[in-house]
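Notes for the one structure printed next.
The values are calculated or read from the model by the stated rules, or taken from the named source; none is laboratory data. Values in this document were obtained by computation on a predicted structure and should not be read as measured data. All Cβ positions, glycine included, derive from the backbone under ideal geometry; neighbour counts span all protein chains shown.
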Amino acid sequence: MRTIGYVVIGVSLVLGAVAATTAYVPPLTADDSALAAGGGYAHLNAPAGVQRDAAGEFVLTAAGARVPLVPAGTELTPEVQARLRAAGVRRVRVREFAFGRWQHAWLFALAVAGLVAGSVLVRRHTARAQRSRQVDEERQPQGAPQAALVEIIAAARGLQADLPALAADADRARAIIERVGRVQAVLALRVVEGRDALVGTLGMAGYAELMDAFSRLERALNRAWSAAADGVLDEALRCIDEAVALAPEVEDRLGGK
C-alpha cells in the first residue's frame, strides 16, 4: 500500500507540474471574452506571433531577429486576438492569472486530489506498521533480554557442572554442541533484539558496558562450540571455564553495577 501511495504521489506531482505550466498560457479561442480579466483584457507577458511581408517572408530587424506581430504588454482586445488567430497563433503568454482561462485547471485539481489520496495511503500504512510493532512489543514478555542473559549464564555454568560426570568424550562434545547451539540460535538473538529494552533499563552507557562483557562471554562459548565440533575437547572445556569466569561481570552489568 505504501508503494502504491508513493506512485500516486509521484504521478500527481508530474501532472500538477504539467498543468501549472499552462496557467499563464491560455489558448486563443473564437470567444474573445475568454481572455478578459477583471473588467479588462489580459496583457501579453511575451511577444506573440511574427510579422510577415507581402511575400509571406518573416520581417527581420537589423540584427536579423524576427519582428513580433504583437509586442509584450499589449492588451489582448478582440482586435488583437483576431490578428493573432489570423497569423496562426494558438496560445499566448499572459501576465494575469484567472481560473476561467486556465485550460488545464481540472488536471491540476486532479493532481491535488492524487497528492491527498497518496499521502493518506502512506500515512495509513505507516500507522498500521506502528500499531503492528506496538502489538509485537506488548506480546514480548517483559525482561525478555534480561531473562535470555540469565539463561546463557546458566547454560555455561550447567555445562561446567555436568561435563565432568560424562565419561565419554563424545557425550561431552554432544552436550556442548547442543546447549551452546541453543545459546547461539535462540538466546543470543533475544539479547540482540532486546536492545531497546536494555537501553531503556540501563541507559546507553550501561548497555554498552553490559554488551562489552557479554560479547566476551559469548565469544568464549562460540569457541567452545567450534572446538567441540572439531573434536578438540580440552580446548572446548577451557573455553567453558572462561565463559563461566566472565559470568559475574555480566551479572554485575545486568544489575547496573
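Among residues of segment 95-126 being aromatic (Phe, Trp, Tyr) and exposed (fewer than 15 other Cβ atoms within 10 Å of the Cβ), the one that is modelled with the highest pLDDT is Trp106.
Identify the single condition in (1) of a type in the set (Gly, Ala, Ser); (2) buried (at least 16 other Cβ atoms within 10 Å of the Cβ); (3) not assigned by TED's automatic domain parsing to the domain that holds Val11 that Ala54 does not satisfy, given that it satisfies every other one. Failed condition: (2).
I'd like the full set of residues that are in contact (Cβ under 8 Å) with a residue 40 or more places away in the chain and either not in a helix (DSSP H, G or I) or not aliphatic (A, V, I, L, M) (or both), limited to segment 213-245. Those that are in contact (Cβ under 8 Å) with a residue 40 or more places away in the chain and either not in a helix (DSSP H, G or I) or not aliphatic (A, V, I, L, M) (or both): Phe214, Glu218, Asn222, Trp225, Gly231, Asp241. Among (1) touching a residue at least 60 places away in the same chain (Cβ under 8 Å); (2) at positive phi; (3) not aromatic (Phe, Trp, Tyr), there is one condition Arg172 misses while meeting the rest; what is its number? Arg172 satisfies every listed condition except (2). Residues in segment 217-235 that are closer than 20 Å to Glu151 by Cβ and surrounded by fewer than 15 Cβ atoms within 10 Å (Cβ to Cβ): Arg219 only.
It is to be established whether one or more residues within segment 127-137 are in a helix (DSSP H, G or I) and either modelled with pLDDT of 95 or more or closer than 28 Å to Gly255 by Cβ (or both). Yes, segment 127-137 contains a residue that is in a helix (DSSP H, G or I) and either modelled with pLDDT of 95 or more or closer than 28 Å to Gly255 by Cβ (or both). Determine if segment 180-193 includes at least one residue that is under 21 Å from Ala245 (Cβ atoms), touching a Lys or Arg at 6+ places or on another chain (Cβ under 8 Å), assigned by TED's automatic domain parsing to the domain that holds Ala247 and of a type outside the set (Gly, Ala, Ser). Taking every residue of segment 180-193 in turn, none turns out to be under 21 Å from Ala245 (Cβ atoms), touching a Lys or Arg at 6+ places or on another chain (Cβ under 8 Å), assigned by TED's automatic domain parsing to the domain that holds Ala247 and of a type outside the set (Gly, Ala, Ser).
Among the residues of segment 76-94, those that are exposed (fewer than 14 other Cβ atoms within 10 Å of the Cβ) and either under 50 Å from the mean Cα position of the chain (by Cα) or modelled with pLDDT under 85 (or both) comprise Gly88, Arg90, Arg91. Looking at Val244 and the list (1) at pLDDT 95 or above; (2) surrounded by 15 or more Cβ atoms within 10 Å (Cβ to Cβ); (3) farther than 15 Å from Glu151 by Cβ, which single condition is not satisfied? Only one criterion in (1) at pLDDT 95 or above; (2) surrounded by 15 or more Cβ atoms within 10 Å (Cβ to Cβ); (3) farther than 15 Å from Glu151 by Cβ is unmet by Val244, namely (3). Going through (1) modelled with pLDDT under 80; (2) over 28 Å from the mean Cα position of the chain (by Cα) one by one, Met1 falls short only on (2). Looking across segment 3-28, just one residue is surrounded by 13 or more Cβ atoms within 10 Å (Cβ to Cβ), polar (S, T, N, Q) and part of a loop (DSSP other than H, G, I, E, B), and that is Thr22.
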